[in-house]
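Participant: The structure follows.
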Amino acid sequence: MLPLARNASRRSVLACASRLHSTVAHAAPSVAYTDPARSQDPSVLTTPRDIPPALREELESALRVDQAGELAANWIYKGQHDVLGRDPATGPLIQASTALPSPTSIFDRNGQDMWDQEKKHLAVMNKLQIQHRIRPTLLWEFARLGGYGLGAVTALMGKEAAMACTEAVETVIGEHYDDQLKAFEQLPADHPSVPLLKGVIREFRDDELEHLDIAVENDSQKAPAHALLSTVVGAGCKVAIELCKRF
Amino acid sequence: MAAISLRTELLRLAVPLVKTHGFTREALAQSALRLPEPHKEPLSEAAVTSIFGSGDDARRTLIQAWMEAAVLNMKSKSTPPSLLELLESRLKWNEPVLGHLPEAFALLATPKFSSLLPLDPSVAVRHNIHIANEACNLVGSHDIGVRRHLPLESRADVSCITGQLAWHRKRAAAAIAYAAAELVQLAQPESPDVPYKVLKQQLDRSQKALQSVEEVGLFGQYVARSWAGIGKSMGL
């Protein structure tokens with residue numbers, strides 16, 4: 001199976017899973033971290049302590065990678081916005097300006113643009129890092145600068161290349177969150193923080209897949225050398241994930 | 001599950017015995033006499049081996065349990081807790097067993113299996129970082145990469161997503177200060193006040209150094225922004 005076809009098939013499976021989940025209306029799990037009324041809830045304050053060291057290490061590396069990934073995603077969008085922000089078609093996709101409403105902009109199910117969602121993701125990941133006492137990555141600055149550079153460079157290549165970058169990154173991140181959900185099955189379900197953590201990861205996975213869909217709908221696959229660009233960006237993301245797990 | 005609970009309970013009861021018995025298999029054996037339904041006699045060597053491991057493995061287990069208890073018992077009288085008081089309370093925990101500690105650290109640093117190096121230096125580093133990390137968590141030093149949370153309701157200026165390594169810097173500073181103080185405590189057991197003075201001095205110095213680093217960073221940002229402004233006005 002060609003890499004493109006394999007990716008498309010895996011994406012469609014993940015997208016089906018996310019749509020099935022989202023047909024039931026309920027408050028997003030991440031609200032627990034953004035709602036001040038829930039700031040004293042044990043589910044957002046405590047971390048499971050009596051778990052085997054190997055599982056603890058897995059939890060730490062997973063959340064460290066997630067935080068670094070959301071940081072990089074924010075800076076990718078900043079880089080893209082700095083270059084393409086004034087483009088009437090692409091600018092509002094990345095971040096809509098309240099001063100320049102665009103009738104052609106496409107919003108996700110919550111009516112937020114992609115960058116706003118990533119900001120929310122990062123804010124929640126930062127709270128998860130504190131809650132679970134995770135060491136943040138030593139590669140923080142590399143994630144920040146690398147994300148900005150990737151976003152700016154692909155945006156300079158054109159709108160389609162910027163969307164292709166988003167498509168490649170969101171594919172890797174969506175798969176990564178999906179793998180984490182499977183790994184988190186081993187966490188003790190009776191601890192108050194665990195169901196919330198799984199819910200947040202599931203929600204973020206669905207958000208990333210929605211960004212992927214938006215990128216594809218906006219001509220990501222018409223980008224010059226799309227297959228090469230996707231492969232390079234995807235491989236770079238996977239290397240970054242492995243590095244952040246360790247450092 | 002019951003076996004794990006018994007092991008944990010025996011370790012918890014053995015920790016206060018370190019003062020009189022040292023980090024020895026004897027302390028582990030005697031812990032059985034302190035159970036809620038106490039044994040008539042201490043655990044046999046075979047029982048200690050089966051529960052805690054053979055030879056020095058059992059002693060290493062006891063040392064780790066004692067260190068965990070030390071971290072859990074770090075206390076500060078002030079509200080909010082003070083880093084200095086937390087680290088001082090950790091130093092105080094060492095005092096009753098000061099004579100046994102050098103051997104305990106040496107045992108932990110000795111590799112279990114044959115190795116090129118006679119000692120494992122990472123043990124000391126991990127020990128100090130663990131204490132510093134727990135103390136910083138208790139103080140509420142919740143440093144993360146961003147200086148402040150993004151306001152979700154507004155299109156926040158992303159320049160506030162500024163990466164910084166404050167989390168690592170603070171813990172490194174606390175670990176170095178604690179390591180220096182503990183070294184003095186082990187080297188000069190006859191001077192009980194000196195380690196606390198060393199700890200305070202080191203923390204003060206590292207705080208000033210951190211402040212200087214932040215001020216230099218802030219100045220650098222102002223200079224960079226000025227150049228960016230000049231560049232924009234020149235049409236670059």
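The values are calculated or read from the model by the stated rules, or taken from the named source; none is laboratory data. Quick caveat: nothing in here was measured; it's all calculated off a predicted structure. Because the Cβ atoms are built from the backbone with ideal geometry, glycine has one as well, and the counts that use them run over all protein chains shown. Only protein heavy atoms, including side chains, enter the accessible area calculation; ligands, DNA and RNA are left aside. Shrake-Rupley method; radii C 1.70, N 1.55, O 1.52, S 1.80 Å.
Participant: Can you give the accessible area of A:E57, probe radius 1.4 Å, in Å² rounded to 10?
Facilitator: Result for A:E57: roughly 100 Å² accessible.
Participant: Sort B:W167, A:W140, B:W227 by heavy-atom solvent-accessible area, probe 1.4 angstrom, most to least.
Facilitator: B:W227, B:W167, A:W140
Participant: Scanning chain B for helices, which whole DSSP H stretches are 15 Å or more long along the axis (Cα) and average -1.0 or more by Kyte-Doolittle?
Facilitator: B:2-14, B:55-72, B:83-94, B:122-139, B:166-187, B:194-233
Participant: Rounded to the nearest 10 Å², what accessible area does B:T20 show when all protein chains are kept and the probe is 1.4 Å?
Facilitator: Answer for B:T20: close to 110 Å² accessible.
Participant: Please work out the Cα center distance from segment B:174-233 to segment A:214-241, rounded to the nearest Å.
Facilitator: So the two Cα centres are separated by 43 Å.
Participant: Anything losing 20 Å² or more of accessible area from the isolated chain to the full protein assembly: pick those residues out of segment A:60-78, probe 1.4 Å, ligands and DNA/RNA ignored.
Facilitator: So the qualifying set is A:W75, A:K78.
Participant: Report B:F23's accessible area, 1.4 Å probe, all protein chains in place, as a number in Å² to the nearest 10.
Facilitator: Counting only protein heavy atoms, the figure is 10 Å².
Participant: Let me ask another. Using 7 Å Cα-to-Cβ label points, what is the B:H168/A:L181 separation (nm, one decimal)?
Facilitator: Taking the simple label geometry, B:H168 and A:L181 are separated by 3.3 nm.
Participant: Please arrange B:L210, B:L62 by accessible surface area, largest first, computed with a 1.4 Å probe and ligands excluded.
Facilitator: My answer, sorted largest first, is B:L210, B:L62.
Participant: While we're looking at this one, here's another question. Sum -39500 (n - 2.57) across every DSSP H segment of at least 4 residues in chain B, then divide by the residue count to get the 222 nm mean residue ellipticity, nearest 500.
Facilitator: After summing the helix terms and dividing by residue count, I get -21000 deg cm²/dmol.
Participant: On a 1.4 Å probe surface of the protein chains, which of A:D82, A:D207, A:D35 comes out largest in accessible area, and what is the full order?
Facilitator: Descending order: A:D82, A:D35, A:D207.
Participant: Less than 14 Å from a label point 7 Å out along the Cα-to-Cβ axis of A:K222: which backbone N atoms in segment A:143-183 qualify, by residue?
Facilitator: Under cut-off, by backbone N: A:158-164.
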